[in-house]
1. Along the positive direction of the dipole of the protein assembly as shown (beta-carbon charges: Lys, Arg +1; Asp, Glu -1; about the Cα centre), which of B:P165, A:T135, A:S185 reaches farthest?
2. Subtracting the Cα-Cα distance from 0.36 nm times the residue separation, let me have the gained length for B:L103 to B:V202 in nm, one decimal.
3. Given the -39500 (n - 2.57) contribution per DSSP H run of 4+ residues, what per-residue ellipticity at 222 nm results for chain A, rounded to the nearest 500 deg cm²/dmol?
4. Using the alpha carbon gyration tensor of the protein assembly as shown, what are the three equivalent-ellipsoid semi-axes (square root of 5 times each eigenvalue), largest first, in whole Å?
5. What is the distance in Å between the Cα centres of the stretch A:93-107 and the stretch A:142-219?
6. Among B:198-211, B:217-230, A:80-93, A:176-189, what's the highest-first ranking by average C-beta atoms within 10 angstrom per residue?
7. As a test of the formula, what do you get for chain B when each DSSP H run with n ≥ 4 contributes -39,500 (n - 2.57) and the sum is divided by the residue count, at 222 nm and rounded to the nearest 500 deg cm²/dmol?
8. What span do the alpha-carbon atoms of chain B cover on each of the three principal axes, reported in whole Å from largest to smallest?
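Bear in mind that the values in this text are calculations on the coordinates, not laboratory data. Keep in mind that what you see is a predicted model, and the values were worked out from it rather than measured. Note that each Cβ is placed from the backbone with ideal geometry, even for glycine, and that neighbours are counted across all protein chains shown.
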Amino acid sequence: MLLFGYAFMYVPLFCIIALSFNDSKFVTAWSHFSFKWYKALAQNSIMLDAALNSLKIACFTATISVLIGTLAAIAIVRFKRFKGRPFFVGMMTAPLIMPDVVVGLSLLLLFVSMTNLLGWPGEHGILTVAIAHITLSLSYVTAVIQSRLTEMDSSIEEAALDLGATPIKVFFAITIPSISSAIMSGWILSFVLSFDDVVLASFVSGPQSTTLPMVVFSSIRMGLSPQINAMTTIIVSILTVCVAIAGYVIYHSGKKISNRSRQEKKRWQGLM
Amino acid sequence: MPTKKVNTWKFHFRGSSLIVGVPYLWLLVFFLCPCLILLKISFADSVLQIPPYSNILKWINDSAAQLTLNFANYRLLLTDDLYVRTFTTSIVIAANSAFACLLIGYPMAYAIVRSRPKIRMILLMLIVLPFWTSFLIRVYSWVILLAPTGLINKALMYLGIIDQPLKLMGNYCAVAVGIIYTYLPFMVLPIYSSLEKIDNSVVEAAYDLGCTPIKAFFSVILPLSMRGVATGFSLVFMPAIGEYVMPEILGDASTVTIGRIVWNEFFTNLSWPVASALSVMMIIFVAIPVMLWYGGQQIRLNKKLNIHEKV
């Protein structure tokens, strides 16, 4: 069953990778080995521009989500009583459940109304897409950091406070370093979420801010495309290299293995 | 021994209003506000102007305003056969896909928990890996397999089983396959973590008391992992209902789901009020029940923790 499950997950991806080296114009008819479609991809300026847009939006989204998400996680874990706390927690988890189409539509309506009332944000572009992505990924980032913060031993902070450190110093010298792994994984998670989103971006993007998933989506709707095969192969290889490096680091940190795997698990539980 | 935590932070930290305020404000402006605007526009009329909806609030004179709520959109959704059918088929597809995910995912999670610790890490990584690749690409990989000129049809024709390509794509089944494929990690991981938490001595006790492995599974392991199953089920079921991309790529004109209908009403028919009303219905029928259920779970969990602390 395990083998079947993994075959189900990986065979389709391997088919794409194999076909990306196909010379034929027809995606599934094998002629002979070539890098033709990689060259075509490198010259596809629409794709490259969109990829650059996506990269900018994803970096911006990840950074802002981590900043606000850390504050939100501290608010939820550390301040047990403030006005409207249940409401705040509810709003924080709602975007996880809301369908993308609804979030995208409602944000677009907001931007339209705001433009009518305040004259801002006017034209839709990178900023509106980033705002939409931050709103979505904020929930995920907060969940990840929150779970790390909950299990963190607060006695060190209290000791530091007792020894006369100012709260701000404690925050930067103790709290932030001890949740740094969660902040990192929150950043990566929100980067990936933003880089992967097509529905929100389709609603709130302007003509100048087409993202890579939007281009990929429209080319898939046109039918099979060899360039997408080439792109898949590139993405999967980059990812495999990253995971291999991560695996190597974990393997060679010896004793830390059990510790690290617990962290990894916590990270996923945070995701769930 | 439960220790009582003293919340020193609250008293020491002066920036607390900033810490709570910034995320709170963000959510109010970019989450609550959009939902209210959605609700407002769902009561408006479709008109030919920019933006294409009427204002439901009209000033009669300087001091009084008149609020006209137009329920026509909702009446349309509840009576028109197309929308009702779309709602039910979307829910049926989502439920079927979540169930199929469970059937594939539970044995996988179980096998991973049973495997040796060193291999377990690698197996888990392999589960998470596709989650980081683009989901569009994963859906596209099924187009390559299922298309009329796709690999499955090619293979079947090569083997001489069929002479005409089968229509594998463009039906609800293909949409379900796409959903199962993309959301499988969301099913495996919560089940895995709930299975991992089970104390092995409980299972051994069941064996000592004469349980067969099958009976031990159904009377001990399965009930103890129900929380993971429920989480996994809702993580697949929820997003699957509003799915737009999968039906668009793997389906055809006949596979209409709620996500697609909202999209079409908005972008093609330019009927913003109907799209808004559909979204509001989705929130009422899908999101709110799940949130309440999650809230209930949380309260129940807290109760259990309190009982444990008292014991």
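1. Selected residue: A:S185.
2. Numbers: separation 99, 0.36 × 99 = 35.64 nm, distance 2.44 nm.
Fully extending the segment from B:L103 to B:V202 adds 33.2 nm.
3. On the way: 13 runs with 206 residues, N = 272.
Result for chain A, helices only: -25000 deg cm²/dmol.
4. On the way: eigenvalues 271, 248, 129 Å².
Each semi-axis is the square root of five times an eigenvalue, giving 37, 35, 25 Å.
5. Spelled out, the Cα-based centre of one part sits 19 Å from the other.
6. Details: B:198-211: 11.8, B:217-230: 16.1, A:80-93: 14.4, A:176-189: 18.3.
The most tightly packed comes first, giving A:176-189, B:217-230, A:80-93, B:198-211.
7. On the way: 16 runs with 206 residues, N = 311.
Calculated at 222 nm, the ellipticity per residue is -21000 deg cm²/dmol.
8. Ordered largest first, chain B gives principal extents of 82, 77, 34 Å.
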